[in-house]
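The values are calculated or read from the model by the stated rules, or taken from the named source; none is laboratory data. Computed from a predicted structure; not experimentally measured. Cβ atoms come from the backbone with ideal geometry, glycine included; neighbour counts cover every protein chain shown. Please note that ligands, DNA and RNA were not included when accessible areas were found on the heavy atoms of the full protein model with its side chains. Shrake-Rupley method; radii C 1.70, N 1.55, O 1.52, S 1.80 Å.
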Amino acid sequence: MGEHYLWFPRFNTGTSPHLALNTIIEHNHIKLLDELENKAQNWITFLSNLSDEKLEGNLCYTTSQGIEYCVSY
């Protein structure tokens, strides 16, 4: 779930939620699978709308500790 709750917000909005890595998002495995499948659509939409300019730039975001960080794509 880290890719949906931690990395997707970093790519999409440049921010990180305050969420511990061992946080249990959903106890029910069937609901968890459904949520994973539904959230995958967020990535498909995000990636489909990326411009060439964005792909040639940097990913800059604020970590969950409030530190600004940039990495090259």
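Taking Lys and Arg as +1 and Asp and Glu as -1, the other residues whose beta-carbon sits under 12 Å from that of HIS4 total -2. Dividing the Cα radius of gyration of the chain by 2.2 N^0.38 Å, with N the residue count, gives 1.22. Between the helical axis of 29-48 and the dominant principal axis of the chain, each derived from Cα atoms, what acute angle in degrees is found, rounded to the nearest 10? With both axes taken from Cα atoms, the answer is about 20 degrees.
Taken about its Cα centre, the chain carries a charge dipole of about 160 debye when Lys and Arg each add +1 at the Cβ and Asp and Glu each add -1 at the Cβ.
Within the chain, the GluC sites (Glu not before Pro) that combine a DSSP coil assignment with at most 11 other C-beta atoms in a 10 angstrom radius are GLU56.
Annotation: per residue accessible area for the range 17-73 equals 81 Å², rounded to a whole number [probe 1.4 Å, protein chains only].
When LYS31, LYS39, LYS54 are compared by accessible surface with a 1.4 Å probe, the order from highest to lowest is LYS31, LYS54, LYS39. Per residue of the chain, the DSSP helices (runs of n ≥ 4 H) give a summed -39500 (n - 2.57) that works out to -12000 deg cm²/dmol at 222 nm. Computed with a 1.4 Å probe over protein heavy atoms only, the accessible area of LEU55 comes to about 90 Å².
Simple rule: put +1 on each Lys or Arg Cβ and -1 on each Asp or Glu Cβ in the chain, find the dipole, and look at SER48, ASN22, THR63; the Cα lying farthest toward the positive end is ASN22. What a 1.4 Å probe finds exposed on the chain is 54% carbon and sulfur by accessible area, rounded to a whole percent.
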